[in-house]
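Undergrad: Please see the structure below; I have some questions.
Each reported figure results from applying straightforward, stated rules to the coordinates on display, with no laboratory input. Not measured: the values here are computed from a predicted model. Note that each Cβ is placed from the backbone with ideal geometry, even for glycine, and that neighbours are counted across all protein chains shown.
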Amino acid sequence: MSTEMKISVSQMDDRVPVTIFHVSGSIDANTSKDLESRATEAIASGTQNLLLDLAGVSYMASAGYRTLHKIYKMLHAGETPQYKTSGGHLKVLNPSPEVSRTITTLGFNAYIDVLTGDLRAAVDAFA
Amino acid sequence: MALGLEAAAIQDMRLAVDEAVTNIILHGYGNDGGQLSIEVSEDRGALIVRVRDNAPSFDPTGAPPPNLAVPLKEWPIGGAGIFLMRKAVDEIAHRVMPSGGNELTLVKKYAAHDNH
């Protein structure tokens, strides 16, 4: 069983700029650190809208969910009660049924939109 | 029907065990490594996993009383693991074993017959 993870990054700037991480492989205690540092770099360079395309993710360990949580917190670091719009947005696209169910079990879906379907529609959802 | 409930319970339990074991390896044993045992059993519609280690005594449930209603935004970064475990399984108990070392018991209910 491979425990590698790959991330390819694309950018779509229609109504709002959206950075997309196309993640494949396994997000576990080792690989989640890579995902976290790539997200940190993107956010530090100005990414405010991040879409995690998880269609290629075969397995997500608890570390993956903790990384999801950390990325969410980093994107919302600039948020204050009055100025909600200063925060960023995180959405997830095409997670596997197991990952989708776990996101719901953990209650993450209240804060992180879980989308299915095509990439364009997911990107448009940020506008 | 029962199979669906069981599969979901097993997935959730796997997540909690994954988190517990990762913490023992990273924090309990650090760079030294050590032994771990995982015992799986079933009792009246509940899946029970006991994780035992020889690491220094540490109670992950010793954090302030859990508030499962706390929204994701407010999860503390460090304590996210225990929050995650509490959402994934129904009960978590810790004890220090007579021989030393920790025993963490995780319980996940899956059968409908005990619901009131």
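Undergrad: Using the crude model of +1 on Lys and Arg Cβ and -1 on Asp and Glu Cβ, and no other charge, please compute the dipole size for the range A:1-57 relative to its Cα centre, in debye to 20.
TA: Around 20 debye, computed over the range A:1-57.
Undergrad: A further question on this structure: Across peptide B:11-23, what mean number of C-beta atoms from other chains lies inside 10 Å of a residue's C-beta?
TA: 4
Undergrad: Follow-up. Can you pull the one-decimal nm distance between simple spin-label points at A:LYS33 and B:ALA93, each 7 Å off the Cα toward Cβ?
TA: Here the modelled spin labels are 3.6 nm apart.
Undergrad: Give me the distance in nm between label points sitting 7 Å out from Cα along the Cα-to-Cβ direction at B:ARG50 and A:GLN11, one decimal.
TA: 5.6
Undergrad: What per residue convex hull volume, in Å³, comes out for the protein assembly as shown when only alpha-carbon positions are used?
TA: In the protein assembly as shown, the Cα convex hull volume per residue is 157 Å³.
Undergrad: Give me the dipole magnitude in Debye, nearest 20, for chain A about the Cα centre, with unit charges on the beta carbon: positive for Lys and Arg, negative for Asp and Glu.
TA: 260
Undergrad: Which value in deg cm²/dmol, rounded to the nearest 500, describes the helix-derived mean residue ellipticity at 222 nm for the protein assembly as shown, given -39,500 (n - 2.57) per DSSP H run of n ≥ 4 and division by the residue count?
TA: One gets -9500 deg cm²/dmol as the mean residue ellipticity at 222 nm.
Undergrad: Could I ask something else about it? Under the definition of Cα pairs under 8 Å and six or more residues apart, what whole-number percent is the relative contact order of chain A?
TA: Dividing the mean separation by the residue count of chain A yields 24 percent.
Undergrad: Then there's this: Quick one: dipole size for the protein assembly as shown, taken about the Cα centre, charges +1 on Lys/Arg Cβ and -1 on Asp/Glu Cβ, in debye to the nearest 20.
TA: Using only the charged Cβ atoms, the result is roughly 360 debye.
Undergrad: How much FRET efficiency would the formula 1/(1 + (r/R0)^6) give for B:GLN35 and A:TYR111, where r is the Cβ-Cβ distance and R0 is 45 Å, rounded to 0.05?
TA: Efficiency, rounded to the nearest 0.05: 0.70.
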